[in-house]
Amino acid sequence: MIYLLVIGYPVSGIRHRASSIDRCYNSGMKLQTRSIVANRDIEGPRSFVSINPATEEEIATVSALDQTGAGDAVEAAKGAFPEWSRTPVKERQKILARWLEIMLDEAEDLARLVSMEGGKPVGEARLVDVFPGLESLSYYSERLDEMLAFRPERPNQVLFAHWQAGYRFDPLGVFAIITPWNYPVTIPMGEIVPAVGAGNTVVFKPASATVLTGLALGDMARRAGMPPGVLNTVALPGSVTDALLDNPDVSKVFFTGSVPVGRHVALRCAERIIPAQLELGGKDAAVVAADADIERTARGLVWAAFVNSGQTCASVERVYAEKPVFDRLLQRIVELTGEIRVGDPSLPDTDMGSLTTNGQRDIVARQVAEAIAAGARALTGGEPPEGPGFFYPPTVLVDVTDDMEVMREETFGPVMPVIPVDSLEEGIRRANDSDFGLTASGWTRSTATADRLQRELDAGSVTINEHLVTAGEVTGSWGGVRDSGIGRTHGRFGLMSMVNIKYVIRDMGGDKAMPWHYPYDEDFGRFMNAAMPLMYGKGLSKFATLHKLAMTRRFRQRVRKTTLMANLDKLL
């Protein structure tokens, strides 16, 4: 096989590693280091340090709240809810539009802060964090009034045809939104913006590793005119998060993170019988058909596996390629991986920076080392480099087996196992053989094959000749099946998870009694016995009981004849 000839293909070394914070972040944006509760900066009794993962240098010390502070944030959100929920949607949209203007003006500063705190290249921070954040603000600031407008619904039941009926989309209350460090702008903005836009109030807990970015978002919202208490951004250690989950005034929890923590969140919420919406990651598979375009597929897979140093819940973490295309695809994947420039995330030509935490790098290194010890081979990368920073090189693995942890559990790092399969059927079967099901992709030039892949791959999102990018499409729902979580965010379906879908009716006709009101008597029995075959029978025979129905007192006294005539289509 060709891949035997490319073992050991060199990967670019860690280049131009940043030596100071100033090289990663040199702007006028003031670092927000205190929680924002009811639009006030709040000191807490604790603190933690934000670290630049590319240099391991300290960025800032952040004042952290305790349980009392978390409760105060919920209280502020609760106090703001009545007035905010009554605020016209158009007024909420104006605030989101001002937030959009501020974020656009400060986009470069925000990108550099994301890079400094999270380790991704500045250019990539613009692409995968700031850009989607702007998109969320733009979309909802323009569309919310339409999306939340009352939706009339004509009753199907003939007896109810006189109703003015339909759906309202009302806010639910106080949300706790708990987000991870891998996309510190994209993920919270995709949840906070529609949440407050729909009239809810929010306590937002960003991850400790990227807390400065989260606090910066809260400060932007404050400066955009968000009323006090509507969005409260809290620097809260993970150990104190239960103070939000257990608070009786929190109506719903949105959590993005690991499966074990997600289970904990779900259990705590279940005890209070409140909904928990969970996005818990994935082990995303790509299935490559024999007719796939080699260059497009290789480039798409390399980017989707290694963007953000592989720290993406929807990264390509398994590739199943049909044998006729396997060797050529693998060779090109290795070549492209070898061209990735890893190093100082502040430099414009860096492709991949560091991982965000040392603990995450340890998980990646352990999974790869265990796989290699069990017989897998690394064609690129394979071990962490020497020196400062939480770097790990992009790694392509072959000869992996399905029982290896690197094939079963989320790696969340720059590792791409590539596996040959005998058929498309085998590729689909093995792709679906996972506890996860967030996204998946198929690679083919055949429309028929594309249809089959989209139908049979079991995930919340399936793309053809692309992977991962739907996270940046605000109208595309986001969420998975099995251990990948519960519920959907983004777009219309995501917005519906943030409101009370309230069915409402009005009967303004002035009738003294309706056909179903008391008393029940023999006449009521004759009325029902005649009405049921008329309404639900088939063919002309259904009208055989029309005379019987008309002879009942209840029909004569309580049925609107004009409404019935106007809805004959329902009977016919």
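The values are calculated or read from the model by the stated rules, or taken from the named source; none is laboratory data. Values in this document were obtained by computation on a predicted structure and should not be read as measured data. A quick note on method: Cβ atoms are made from the backbone with ideal geometry, for glycine too, and the neighbour counts reach across all protein chains shown.
Scanning region 321-341 for residues that are of a type in the set (Lys, Arg) and part of a helix (DSSP H, G or I) gives Lys323, Arg328, Arg332.
Candidates are the residues of region 99-133 that are under 21 Å from the mean Cα position of the chain (by Cα) and surrounded by fewer than 20 Cβ atoms within 10 Å (Cβ to Cβ); the one that is nearest to Ile51 (Cα to Cα) is Arg126. Checking Gly479, Gly537, Gly491 one by one, the residue that is within 48 Å of the chain's Cα centre (by Cα), more than 30 Å from Thr312 (Cα to Cα) and surrounded by 12 or more Cβ atoms within 10 Å (Cβ to Cβ) is Gly537 and no other. In summary, Gly229 fulfils each of the numbered conditions (1) assigned to a helix (DSSP H, G or I); (2) touching a Gly at 6+ places or on another chain (Cβ under 7 Å); (3) within 18 Å of Val74 (Cα to Cα) with the single exception of condition (1).
The set of residues in region 544-572 that are at pLDDT below 90, surrounded by fewer than 13 Cβ atoms within 10 Å (Cβ to Cβ) and of a type outside the set (A, V, I, L, M, F, W, C) comprises His547, Lys561, Thr562, Asp569. Per the conditions (1) out of contact with any His (no Cβ under 6 Å at 6 or more places or on another chain); (2) crowded, with 24+ Cβ neighbours inside 10 Å, the sole criterion not satisfied by Ala304 is (1). Residues of region 438-466 that are free of Cβ contacts under 8 Å to residues at least 40 places away in the same chain, of a type in the set (S, T, N, Q) and part of a helix (DSSP H, G or I): Thr447, Gln454.
Return the only residue of Phe175, Phe150 being in contact (Cβ under 8 Å) with a residue 60 or more places away in the chain, under 21 Å from Pro88 (Cα atoms) and of a type in the set (Phe, Trp, Tyr). From the options Phe175, Phe150, the qualifying one is Phe175.
Checking Ala450, Ala459 one by one, the residue that is modelled with pLDDT of 95 or more, more than 30 Å from Pro384 (Cα to Cα) and surrounded by 19 or more Cβ atoms within 10 Å (Cβ to Cβ) is Ala459 and no other. Asp72 meets each of the listed conditions (1) more than 18 Å from Met220 (Cα to Cα); (2) part of a helix (DSSP H, G or I); (3) within 25 Å of the chain's Cα centre (by Cα) apart from (3).
Within region 331-358, residues that are outside the structural domain of Glu57 (by TED's automatic domain parsing) and more than 28 Å from Ala209 (Cα to Cα) have Cβ atoms under 7 Å from residues that are outside any loop (DSSP other than H, G, I, E, B) and among the polar types (S, T, N, Q) in these pairs: Val334/Thr380; Gly338/Thr380, counting only partners at least 6 apart in sequence or on another chain. Quickly run through region 184-198 and pick out the residues that are closer than 24 Å to Gln93 by Cβ, within 13 Å of the chain's Cα centre (by Cα) and not in a helix (DSSP H, G or I). Result: Val185, single match.
Scanning region 285-312 for residues that are within 20 Å of Ile428 (Cα to Cα) and part of a loop (DSSP other than H, G, I, E, B) yields Ala289, Ala290, Asp291, Ala292, Asp293. Going through region 386-424 one residue at a time, which ones are surrounded by 16 or more Cβ atoms within 10 Å (Cβ to Cβ) and either of a type in the set (S, T, N, Q) or in a strand (DSSP E or B) (or both)? Those that are surrounded by 16 or more Cβ atoms within 10 Å (Cβ to Cβ) and either of a type in the set (S, T, N, Q) or in a strand (DSSP E or B) (or both): Thr395, Val396, Leu397, Val398, Thr411, Val415, Met416, Pro417, Val418, Ile419, Pro420, Val421.
Which one is farthest from Val307 (Cα to Cα), of the residues in region 260-284 that are of a type in the set (A, V, I, L, M, F, W, C) and either touching a residue at least 60 places away in the same chain (Cβ under 8 Å) or not in a helix (DSSP H, G or I) (or both)? Reasoning before the result, please.
Initially, region 260-284 is screened for residues of a type in the set (A, V, I, L, M, F, W, C), giving 261, 265-267, 269-270, 273-274, 276, 278, 280.
Narrowing further to those that are either touching a residue at least 60 places away in the same chain (Cβ under 8 Å) or not in a helix (DSSP H, G or I) (or both): 265-266, 273-274, 276, 278, 280.
Details: Val265: 28, Ala266: 30, Ile273: 38, Ile274: 35, Ala276: 29, Leu278: 23, Leu280: 19 Å.
Among residues in region 260-284 that are of a type in the set (A, V, I, L, M, F, W, C) and either touching a residue at least 60 places away in the same chain (Cβ under 8 Å) or not in a helix (DSSP H, G or I) (or both), the one farthest from Val307 (Cα to Cα) is Ile273.
Within region 271-309, being among the β-branched types (Val, Ile, Thr) and on the phi < 0 side of the Ramachandran plot holds for Ile274, Val287, Val288, Ile294, Thr297, Val302, Val307. All told, Val62 falls short of being touching a residue at least 12 places away in the same chain (Cβ under 8 Å) and farther than 22 Å from Leu244 by Cα. Selection within region 199-222: residues that are small (Gly, Ala, Ser) and within 17 Å of the chain's Cα centre (by Cα). The member of this set that is surrounded by the fewest Cβ atoms within 10 Å (Cβ to Cβ) is Ala207.
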